[in-house]
1. When you scan the range 8-15, do you find a residue that is farther than 30 Å from T136 by Cβ and either of a type in the set (V, I, T) or in contact with a strand residue (DSSP E or B) (Cβ under 8 Å, 6 or more places away or on another chain) (or both), even just one?
2. Is it true that some residue in the range 28-38 is open to solvent by 40 Å² or more (accessible area, probe 1.4 Å) and more than 26 Å from the chain's Cα centre (by Cα)?
3. Give me a count of the residues in the range 105-143 that are in a strand (DSSP E or B) and not acidic (D, E).
4. How many residues are over 13 Å from W4 (Cβ atoms) and polar (S, T, N, Q) when one looks only at the range 21-70?
5. Could you count how many residues in the range 11-26 are surrounded by 14 or more Cβ atoms within 10 Å (Cβ to Cβ) and in contact (Cβ under 8 Å) with a residue 24 or more places away in the chain?
6. Which is among the charged types (D, E, K, R), surrounded by 12 or more Cβ atoms within 10 Å (Cβ to Cβ), under 31 Å from the mean Cα position of the chain (by Cα) and modelled with pLDDT under 95, of E108, E131?
7. Restricting the range 111-128 to residues that are open to solvent by 80 Å² or more (accessible area, probe 1.4 Å) and among the β-branched types (V, I, T), which is farthest from P141 (Cα to Cα)?
8. Report, ordered by the first and then the second residue, all pairs with beta carbons closer than 8 Å, sequence separation of six or more or different chains, a first member in the range 44-59 that is more than 17 Å from A11 (Cβ to Cβ), and a second member that is surrounded by 12 or more Cβ atoms within 10 Å (Cβ to Cβ) and not acidic (D, E).
Amino acid sequence: MIDWQIWLILAAVLGVAEIFTLTAALGLLGGAALITAGAASVGLPPPVQLLVFAATAALGLILLRPVVHRHMHRPQLQRFGVDALIGKPAYVLREVTALDGLVRLGGEEWSARAYDETQVIEKGTVVDVMEVRGSTALVYPRE
């Protein structure tokens, strides 16, 4: 088998392994193997190919991996699902107590309980969602 084909196969194997690990390290090594396949295709001897692989792998891991890692582990900027409901206003459809209640939240009816267990919130009151536990909104009246 020709050298460049071996490097190309190694690049493919490392690329597939990266898909399963999501560490960015194997993908960068696969990229280094791909660059080395190009170097081997122009006829460089195997020791030089290994040097090309080592240099491009080191550069990739030192320079690119921190950038990729930072982008992969960036904090989520938007809230999704029930977390997005916290702080939203709701309208009380049925009296809300520490045990039971019903509110209209974002066009949907939600079971609700008072965030402050000593409060009784009357029908027609506008409340804010303080927390969501399961499918129940914990609400507090607006002032």
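The values are calculated or read from the model by the stated rules, or taken from the named source; none is laboratory data. Everything numeric here is computed off the predicted structure, so don't read it as measured data. Cβ coordinates were reconstructed from backbone atoms using ideal geometry, including for glycine residues, and neighbour counts include every protein chain displayed. Note: accessible area is taken over every heavy atom of the protein model, side chains too, but ligands, DNA and RNA are not part of it. Shrake-Rupley method; radii C 1.70, N 1.55, O 1.52, S 1.80 Å.
1. Filtering the range 8-15 down to residues farther than 30 Å from T136 by Cβ leaves 8-15.
After this cut, where a residue has to be either of a type in the set (V, I, T) or in contact with a strand residue (DSSP E or B) (Cβ under 8 Å, 6 or more places away or on another chain) (or both) as well, the list is 9, 13.
Taking every residue of the range 8-15 in turn, at least one turns out to be farther than 30 Å from T136 by Cβ and either of a type in the set (V, I, T) or in contact with a strand residue (DSSP E or B) (Cβ under 8 Å, 6 or more places away or on another chain) (or both).
2. So far as the range 28-38 goes, yes, one or more of its residues are open to solvent by 40 Å² or more (accessible area, probe 1.4 Å) and more than 26 Å from the chain's Cα centre (by Cα).
3. Going through the range 105-143, the residues in a strand (DSSP E or B) turn out to be 105, 108-114, 121, 126-133, 136-141.
From what's left, not acidic (D, E): 105, 110-114, 121, 126-127, 129-130, 132-133, 136-141.
Number of matching residues: 19.
4. So the count comes out to 3.
5. Residues flagged as surrounded by 14 or more Cβ atoms within 10 Å (Cβ to Cβ) and in contact (Cβ under 8 Å) with a residue 24 or more places away in the chain within the range 11-26 amount to 3.
6. Numbers: E108 fails: surrounded by 12 or more Cβ atoms within 10 Å (Cβ to Cβ).
Matching residue, one of E108, E131: E131.
7. Kept after step one, since they are open to solvent by 80 Å² or more (accessible area, probe 1.4 Å), are these residues of the range 111-128: 115, 117-118, 120, 122-123.
Next cut, among the β-branched types (V, I, T) only: 118, 120.
Numbers: T118: 12, V120: 10 Å.
The extreme case among them is T118.
8. Qualifying pairs under 8 Å: V48/A39.
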